[in-house]
Amino acid sequence: MGCLKTILGRMGQRGTTIAPWVTVAVICLLAEAMAMGAVPPGPSTSGGTAALLHPNSYSRSELYIRGSHIELQLRVQVLSIGEVIEGFDDNRDGHAEDGEIEGSYDAIAAYIAEHYRLVPGAATGAEAAAPEKALKGTCLQIVEGPMALDPMNEVSEWVDIRFEFDAGDEGFSTLGAYVDLFEVTSPGHSDSCAVVWNGLELGAWMFAQEAETHVFEATDEMLARNAPAWRRFAERGAKGLKGNWDAALMVLVLVVAASRSRRSALFCGGLFVAAVAAGILVTPEIPVRDQYLKFARVTSALALVYLALDYLFYRSGRTRILEPLVFGAILGFREASLARPDLVLEADPEGAPLWGLAAGLGGVLLALAVIAALALMGRGPAGLESTAQAAPHGEDAPAAEPQRQGRHERGDRRGGE
């Protein structure tokens, strides 16, 4: 108003031209009006109060789908929540004060549940937007997030929110999503959504005004991972023997080298299989380093050479204990290390998947060892007696043959006399 008074005073002086000063007075009035904050009220929030819009309204969400379980991880700006929740960030400083999140926990959870909806099996955007088909989610966590840059590279404070959903026993290959977060208070708000389906990234989608719905569709590879982890990795271990020719040869060489008796051959083969399974299960305790994997690959090849040479020096066969333990553990470590890229995609990479891998690979190797041991004895794989029964007191069957021949010769001499 001081500027306007000065202009009026000038206009009152004699000899002053009035027309130019009238234009200046109008401009001054407009400037004064803008300085006094004459801005039309914004849209109402859920609490019934008028909210001021903030620029660069933005959020990020991630959907993790495993079987029928869905988890939503959402990160939103403090300013955005303050627009829609009464009593939260009232001073509009973009900072969540102590106790503000706890005091507004239920209100924030209810707002997110209403404006971020998921519909499994949806085929169209209309089905995804139907509120009666949406899953009922459970809020797991609402906490203050770390400071981060918003899309305009301005430092903003965030709130992290986690929800979980259960789609039941019915499987689904599509997931519809309807997201209209903060559209009333910030029409330019956008949400960048990423989807990870059974450990595999499906892609991203940007939700915004007039683009509130989208239907995500899983690939065949993603759907195949709905099977239990132990079963998938057991099949991987069993089928992987086709490419692991060194593992098959190693168990065969061990059985052949101990073929002086069936018991010895089976013992060496079983010990080797147990060491392979143990090597697989203890691999997560070992740091991931490329040189370890290279060492395991070289050792597996050298083990075959060593066992072959050792058998040449002991053609009669002998029971081995140290070799199956060492070489089997290294082989198991190698197979588990090669499976790491797939293991990290599992919800529990150190649990069921490793047990399945050990059972699949170990089971095939054990079957190969048993068949080889029975075949080397010159008998079929069913209805056989052990060599220990054919040669009591731990003696080998061939060792008794010279004694029987000696008795026959003595009997013939007595008959001739």
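The values are calculated or read from the model by the stated rules, or taken from the named source; none is laboratory data. As the structure is a computational prediction, the values presented were derived from the model and not from experiment. Glycine gets a Cβ as well: all are built from the backbone with ideal geometry, and neighbour counts include every protein chain shown.
Laid out as a table, the results:
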{"read-out": "GLN73 vs. criteria exposed (fewer than 13 other Cβ atoms within 10 Å of the Cβ) and assigned to a strand (DSSP E or B)", "value": "no"}
{"read-out": "Conditions (1) crowded, with 17+ Cβ neighbours inside 10 Å; (2) under 27 Å from the mean Cα position of the chain (by Cα); (3) closer than 22 Å to SER192 by Cβ; number of the one not met by ILE108", "value": "(2)"}
{"read-out": "Residue identified as surrounded by fewer than 20 Cβ atoms within 10 Å (Cβ to Cβ) and under 31 Å from the mean Cα position of the chain (by Cα) among GLY240, GLY279", "value": "GLY240"}
{"read-out": "Hits in the range 326-346 (condition: touching a Phe, Trp or Tyr at 6+ places or on another chain (Cβ under 9 Å) and over 26 Å from LEU254 (Cα atoms))", "value": "ASP342, LEU343, GLU346"}
{"read-out": "Residues of the range 37-57 satisfying the condition of being surrounded by fewer than 21 Cβ atoms within 10 Å (Cβ to Cβ) and at pLDDT 75 or above", "value": "ASN56"}
{"read-out": "Search result, residues across the range 153-172 that are at pLDDT below 85 and surrounded by 15 or more Cβ atoms within 10 Å (Cβ to Cβ)", "value": "SER156"}
{"read-out": "Residues that are surrounded by fewer than 21 Cβ atoms within 10 Å (Cβ to Cβ) and more than 21 Å from the chain's Cα centre (by Cα), drawn from the range 191-209", "value": "MET206, ALA208, GLN209"}
{"read-out": "Single residue of LEU368, LEU309 found to be part of a helix (DSSP H, G or I) and at pLDDT below 90", "value": "LEU309"}
{"read-out": "Wholly enclosed helices (runs of 4 or more DSSP H) of the range 182-292 bearing at least 1 residues under 30 Å from ARG66 (Cβ atoms), of a type in the set (A, V, I, L, M, F, W, C) and in contact with a strand residue (DSSP E or B) (Cβ under 9 Å, 6 or more places away or on another chain)", "value": "220-224"}
{"read-out": "Condition met for ILE142 (touching a Phe, Trp or Tyr at 6+ places or on another chain (Cβ under 8 Å) and either in a helix (DSSP H, G or I) or modelled with pLDDT under 90 (or both))", "value": "no"}
{"read-out": "Filtered residue count, the range 339-353, keeping only those that are within 18 Å of ALA224 (Cβ to Cβ), more than 9 Å from the chain's Cα centre (by Cα) and of a type in the set (Gly, Ala, Ser)", "value": "2"}
